[in-house]
Each structure stands twice: as C-alpha cells, then as structure tokens.
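The values are calculated or read from the model by the stated rules, or taken from the named source; none is laboratory data. In this text, all values refer to a predicted model and were calculated from it rather than measured experimentally. Note that we place each Cβ from the backbone using ideal geometry, even for glycine, and neighbour counts take in every protein chain shown.
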Amino acid sequence: MSSYIVRRLLILIPILFIVSVFIFSMSRLVPGDPAIIMAGGHQTSPEVLDNIREKYHLNKPIVEQYAIWLKNVATGDLGESFKMKQSVTNMIVERLPLTFQLIVMSMIITLLIAIPLGILSAVKKNTWWDHLSTLVAFVGVSSPVFFTGILMVLLFSYHLDWLPAFGAGSGFNENMIHLLLPSLALSFNMIALNSRITRSGMIEVMNTNYIQTAVAKGLPRRVIIFKHALRNALVPLVTVTGIQIGVLIVGTVLVEYTFGLGGLGSLIINGVQTSDYPVVQGTMLFMVVVFLLINLAVDVLYAVIDPRIRYK
C-alpha cells in the first residue's frame, strides 16, 4: 500500500505541472489591464504604468512570467494580490474555513439523505416509491446548482421566510443556519445521483450467493441489509464521492456567488472581475491540489472498505 501511495504522489507532479500551465494561461484571458486597475484608472501616466508592470513582471514575455510564478509557487509563495496588496496565501487561509464548512455540510447532507433513500428504493424495488424516487433523481441530476440555489432562495427565504438568503452570519449557530440553504443547493443533484448508485449497488449485492444464503438461514432482514449487504454496496459510492468532492469545489464558486458568501469561490470571481491574476491563479491551483489529494485519500479508503482490493 505504501508503494502505491508513493507512486500516486509521483504521478501528481506532471499532472500539477500541466494544470499550472492551463491555469496560468487561462488567467491571462481575463479582460482588462491589471496595471491600469492597480493604478486606479486610465488617467494614470505611462511612467507609473511602466513601473507597475516592471514590479509585477507584466512587461516580460508570458513564458518568463510563468517561470517566475512557478518558481515562487514551488517555494510556497502564491504571489501578492494586485488589488488588495495582500498575500494570496493569507487571503486563501482567511476564506478557506467558510468554503470547507460549506463542502463538509453539503457532503454530510448528501450522504445522510442519499444512502437511506437508495436502500429504501432497493428494498422496495419496482414499487411506486421506487418509481417516484427515480423521477425525483432524474430531475435532481438534471438541475444546475445555480438554478437550484435560486429556486431555494425564492422558496425558503422570500416566500416561506424560513432561512436567510445571503451572508454567512456570525457565531457558530448563526453560521450553521446561514450555510444550510447553500449546502442544500450544493448537495441537491448529488443526493439524486448517490441515491441511485446506492440503489444499484444494493440490488446487485442482494442478488449474490452469500446474501441468498443468509436469507435461507433465516437471518433478520435488518442484519442482512445493514451488516452484510450495505458495506459492499457502498464501495462504488466511495469512488463517486471522491469525484464529487471535486464537483463540490467547483460548485462552491457558483453557490458562494449566489448566496453572497465570502469563501474561495467568491475570491476567484472577484479576482476575475478585477483582473487580479495572482488571486485567480493561486486560488485555482490550491483547489486543484486539494482535489487531487482528496482523490488519493479516497483511493486508499477504497481498498480499506473492500479487503478484496489490493494495490501491488
């Protein structure tokens, strides 16, 4: 297992290099001249603009700019924000807890709802409940996260006035209440997908010989489902969950913007709007690194859950 982890970590190096090239190139497509933005407008003298471009290496060829940025990133320096004049690393650290809370809450909500729904659909296969859950799952998978978020704001905030629509609140309890609606919006289509994956896994496992033997021996249905069948049925869900964390990371950008949250997603959007290259590059690279490490952890967990799987 240790050799497998080492090999996977080595594979991450070329992947991160390719991703860094892509992120750096895409950030340069952001409209606007950052030198003019930093100087405060188009009325700035050419000498001041030249000094700004010299300070931030904006007057150098793009390949050389990338080399300078990559060298700094390798030492842990993600640069300085053009607009805020702050370290990008510090800005990420300040906003990370909110995004982390949002992702964790969304994943918890997803698993707490999707797994029981999937089990119930498998147990009641081909009944009205199964058909209804299939229809709801189809609608859920087809719904973009920003559309779901807007609908939830209209329903739960404006019409029912149950939950706040914007902001993160202050204090733990208020913070949890403010993040509930964004978390539901972020997890809605994942609940639909994961419930179907759980259903398919449960149906497949319930038809295996060892489950049929357990049924023939007269074991209680609850023991068969939760002790023997569920563990193997959840193996595919673990893999999908790792991929979905990446979807959550991307989804936070839209959800945070929709609900006015000050996390990493809004940091990227603000960086794009102000042509703040270091903020866009640093935040996106950080998110990619987190996603790759989480997927590595999920692969290891995959082998732990199912002892039949071994990496040589």
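Considered as a group, the residues in segment 49-67 that are part of a loop (DSSP other than H, G, I, E, B) and under 23 Å from THR89 (Cβ atoms) include one that is modelled with the highest pLDDT, and that residue is LYS60.
Looking at LEU234, LEU186, LEU219, LEU230 in this structure, which one is surrounded by fewer than 20 Cβ atoms within 10 Å (Cβ to Cβ) and touching a residue at least 60 places away in the same chain (Cβ under 8 Å)? Residue meeting the stated conditions: LEU230. Residue count for segment 261-281 satisfying the condition of being over 15 Å from PHE82 (Cβ atoms) and buried (at least 19 other Cβ atoms within 10 Å of the Cβ): 5. For segment 71-104, the set of residues classified as among the aromatic types (Phe, Trp, Tyr) and not assigned by TED's automatic domain parsing to the domain that holds LEU186 consists of PHE82 only.
For the list (1) touching a residue at least 60 places away in the same chain (Cβ under 8 Å); (2) of a type outside the set (A, V, I, L, M, F, W, C); (3) crowded, with 18+ Cβ neighbours inside 10 Å; (4) in the same structural domain as GLN281 (by TED's automatic domain parsing), I need the number of the one condition that LYS125 fails. It fails just one condition, (3).
Of the residues LEU70, LEU29, LEU12, only one is modelled with pLDDT under 85, aliphatic (A, V, I, L, M) and not in a loop (DSSP other than H, G, I, E, B); which?
Details: LEU70 fails: modelled with pLDDT under 85; LEU29 fails: not in a loop (DSSP other than H, G, I, E, B).
Within the list LEU70, LEU29, LEU12, the selection yields LEU12.
With a requirement of 2 or more residues that are closer than 19 Å to LEU112 by Cα and within 16 Å of the chain's Cα centre (by Cα), the helices (runs of 4 or more DSSP H) lying completely within segment 181-291 that satisfy it span 235-259.
Residues in segment 37-48 that are modelled with pLDDT of 75 or more and surrounded by 11 or more Cβ atoms within 10 Å (Cβ to Cβ): VAL48 alone.
Filtering segment 157-175 down to residues that are free of Cβ contacts under 8 Å to residues at least 40 places away in the same chain and outside any loop (DSSP other than H, G, I, E, B), which residue is surrounded by the most Cβ atoms within 10 Å (Cβ to Cβ)?
Of all residues in segment 157-175, those free of Cβ contacts under 8 Å to residues at least 40 places away in the same chain come to 157-164, 169-174.
Of the ones still in play, those that are also outside any loop (DSSP other than H, G, I, E, B) are 157-159, 172-174.
Numbers: SER157: 16, TYR158: 9, HIS159: 9, PHE172: 9, ASN173: 9, GLU174: 13.
Filtering first and then ranking leaves SER157.
As an exercise: evaluate SER142 against (1) buried (at least 21 other Cβ atoms within 10 Å of the Cβ); (2) polar (S, T, N, Q); (3) under 21 Å from the mean Cα position of the chain (by Cα) and give the number of the one condition it does not meet. Result: SER142 fails condition (1) only. Within the group PHE82, PHE17, PHE24, which residue is loosely packed, with under 12 Cβ neighbours inside 10 Å and of a type in the set (Phe, Trp, Tyr)? PHE17 is the lone residue from the list that is loosely packed, with under 12 Cβ neighbours inside 10 Å and of a type in the set (Phe, Trp, Tyr).
Quick check on segment 144-156. Is at least one of its residues farther than 22 Å from HIS178 by Cα and free of Cβ contacts under 8 Å to residues at least 12 places away in the same chain? Within segment 144-156, not a single residue is farther than 22 Å from HIS178 by Cα and free of Cβ contacts under 8 Å to residues at least 12 places away in the same chain.
Let's see how each residue does on (1) without any contact (Cβ under 8 Å) to a residue 24 or more places away in the chain; (2) aromatic (Phe, Trp, Tyr):
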{"position": "LEU112", "(1), (2)": "yes, no"}
{"position": "ILE115", "(1), (2)": "no, no"}
{"position": "SER121", "(1), (2)": "no, no"}
{"position": "PHE138", "(1), (2)": "no, yes"}
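Among the criteria (1) free of Cβ contacts under 8 Å to residues at least 60 places away in the same chain; (2) surrounded by 12 or more Cβ atoms within 10 Å (Cβ to Cβ); (3) part of a helix (DSSP H, G or I), the one ASP77 does not fulfil is (3).
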